[in-house]
Amino acid sequence: MSDIPGQLRYTREHEWVSVEGAIATIGLTDYAQGELGDIIYLELPETGTHVGKGDPFGTVEAVKTVEEIYAPVTGEVLETNAGLEAHPELVNQAPYGEGWLVRIRMSDPSELEQLLDSEGYREQVGE
Amino acid sequence: MSPARRRCTTETPRKTALHAWHREQGGKLVDFAGWELPVQYSGLLDEHRAVRRAAGLFDVSHMGEITVEGPGALAAVQRLVTNDCARLADGQVLYTVACREDGGVLDDLLVYRRGPERFLLVVNAANSDKLAAWVARQLGGAAAVRDASADFAQLAVQGPASRELLLACPLLAPAADALRGLPFYHFAELQIAGEPLIVSRTGYTGELGFEFYLSPALAPRLADALLAAGRPCGLQPAGLGARDTLRFEASYCLYGHELDEQTDPFEAGLFWLVKLDKGDFIGRDALRARKDAAAARRLVGLALPGRKIARQGFCVFAGDEPVGAVTSGSFAPTLERSLALALVSRGAAGAALAVEVRGERLAAETLKLPFYSQPALRA
């Protein structure tokens, strides 16, 4: 059974979003990291990049598969998790903590309303 | 990432005798070649490293077993495969391929000689039905051919600690002498707990290792006994994910990747499996012609910069010219590099090569195969 924290919002594509003011922190869910298996490399956008909701903005390379990562909200990339360069396995080990991916300054916070809550996401992953 | 891709299939995957055991051990089960098998337990990299460092326990019951027995058995097996089974003594195993008339590879397989007229063929799960039908059709009534897959569960214990842990396993006490002295690619037939058991010094990881063939009823008991005896040595259950990265590092061919019906054994670098002078066999004329013409393609080993993985089907370039494709690619956990096996046109084998990874051409370094080898394997 995956860990699906109640206070976060989720995309159908398995990203989570945590919001503080206009800043959204984004990561991959525990379910997603479990499905991917051992992650060995992440390609993340550079700081300052503008991303649109639903756009692919990075890739996650696991031993068995590679997947795109999609932006849950529109905005500007403020920061990427530099720790993942040397330790991509943090996404497996602490998907909601040290394994976060990027921080985005949202240009339209109302987009958050289109995201799933934890119940909706749990239903989506069928657990 | 994209929504989880669930495989839609109308067929229920088959379960091995260890199905419940895998769940108890926390195995993550997936559909593989029509079988529900664990892809991993603690994690692919962890299991891979456990096998290189200590040992791993694999359920390989999905492999198919075909028996060929009777006065015509040797002649029949000789006709089916490219390697020379006449050189086998009782208790010896031979790696070989079976080819079509045109030299394309139907499967790679192991031949066990259990007696002068008794052979056991161990074939790939995905090819099991195809091979059983092919063998029966080719041999007609020349020998008694039987798909015995349902009779056998198969376990593999692989890793430098494997012999030591097997000797510490009380259930295998009757096999201790055989296990101690068993040479590479030899097997012994024994009885444990009143049931027959075949144990061979074979495997698919590039490490010292053993494979067990036994009744499905006995399999969970042996798995439990092995794990109990092996835990102190570092033995862990290992899944299909680690099995693939281990065989990839050792540069062993995998059917459907380096081998298929469109590939001949020479292209895949398996020259040593083709004995053109052993007498007639299926595909011999075609293979002789292909050998004389020199293989059209060659299997090469490539290393990529960084950690992006070149996956099966990715295009290989020499300059601007596409010269082949990746057959297997992975992050190699022991070597900590992104590596790939690729079939490229013969002329390109010595050239500077690049792999196109999602639109980006990455210059590749050509490496000698195998990527990983362990001298203790054959000792």
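The values are calculated or read from the model by the stated rules, or taken from the named source; none is laboratory data. Just so you know, these numbers come straight off a predicted model, no measurement behind them. Here the Cβ positions follow ideal geometry from the backbone for every residue, glycine too, while neighbour counts run over all protein chains shown. To get the accessible areas, we keep the full protein, side chains included, count just its heavy atoms, and leave off ligands, DNA and RNA. Shrake-Rupley method; radii C 1.70, N 1.55, O 1.52, S 1.80 Å.
General remarks:
- Amide H to amide H, with H built 1.01 Å from N, B:Ala364 comes under 5 Å of B:Leu353, B:Ala354, B:Val355, counting only residues 5 or more places away or on other chains.
- In sequence order, calculated HN-Hα J values of the range B:295-301 (Karplus, 6.51, -1.76, 1.60; Hz; x Gly/Pro): 4, 5, 10, 9, 7, 10, x
- Using alpha carbons only: equivalent-ellipsoid semi-axes of the range B:230-379, gyration tensor based, whole Å: 27, 24, 12
- Gain upon complete extension [B:Lys15, B:Ala142; 0.36 nm per residue less C-alpha separation]: 42.4 nm
- Long-range amide H partners of B:Ser215 with built H, under 5 Å: B:Ala153
- Per residue, the average separation of C-alpha pairs within less than 8 Å and at least 6 apart gives chain A a relative contact order of 32 percent.
- Under 18 Å from the Cα of B:Lys15 - lysines, other chains or at least 8 residues apart: B:Lys28
- Test item: A:36-45 mean partner chain Cβ contacts at 10 Å: 4
- Values of log10 I(q)/I(0), in the order q = 0.14, 0.19, 0.20, 0.31 Å⁻¹, for the range B:271-324 under a Debye, Cα-only, solvent-free model: -0.61, -0.81, -0.84, -1.34
- Semi-axes of the equivalent ellipsoid for the range B:37-106, Cα gyration tensor, largest first, Å: 34, 15, 13
- Three principal axis extents describe the C-alpha atoms of the range B:1-160; from largest down they are 54, 40, 29 Å.
- Hull-based mean projected area of the range B:128-203, where the convex hull spans the alpha carbons, in square nanometres: 6.6
- Taking the helices alone, the protein assembly as shown has a mean residue ellipticity at 222 nm of -5500 deg cm²/dmol, built from -39,500 (n - 2.57) per DSSP H run of at least 4 residues and averaged over all its residues.
- Placed amide H near B:Asp107: partners under 5 Å, 5+ positions off or other chain: B:Ala98
- The shape of the protein assembly as shown can be summarised by an equivalent ellipsoid whose semi-axes, obtained from the alpha carbon gyration tensor, come to 44, 28, 19 Å from longest to shortest.
- Calculated translational diffusion coefficient of the range A:44-119 (20 °C, 1.002 mPa s; Stokes-Einstein with Kirkwood radius over alpha-carbon pairs) equals 161 µm²/s.
- Per-bin percent of Cα-Cα distances, chain A [5 Å]: 2, 12, 24, 25, 21, 12, 3, 0
- Counting only lysines at least 8 places from B:Lys291 when in the same chain, those with an alpha carbon closer than 28 Å to its own are B:Lys130, B:Lys275, B:Lys278, B:Lys368.
- According to the Cα-based calculation, Rg over Rh for chain B is 0.96, with Rh computed by the Kirkwood formula.
- Listing of the range B:324-368 residues, each with accessible area lower by at least 20 Å² in the full protein assembly than in the chain alone (probe 1.4 Å): B:Phe331, B:Arg358
- Local charge for B:Glu65 was computed over the other residues whose Cβ lies under 12 Å away, with Lys and Arg +1 and Asp and Glu -1, and equals -1.
- Separation of the B:Ala86 and B:Lys130 label points, Cα + 7 Å toward Cβ, nm: 3.0
- Residue-wise HN-Hα coupling along the range A:98-114, computed from phi with Karplus coefficients 6.51, -1.76, 1.60 (Hz; x: Gly, Pro): 5, x, 4, 9, 9, 10, 10, 7, 6, 9, 9, x, 5, 4, 4, 5, 7
- Residue-by-residue Karplus 3J(HN,Hα) for the range B:274-280, coefficients 6.51, -1.76, 1.60, Hz, glycine and proline x: 10, 10, 5, 9, 7, x, 5
- Counting Lys and Arg as +1 and Asp and Glu as -1 over every other residue whose Cβ lies under 11 Å from the Cβ of B:Arg284, the net charge comes to +2.
- Counting only Cα atoms, the range B:112-246 measures 50, 33, 28 Å along its principal axes, largest extent leading.
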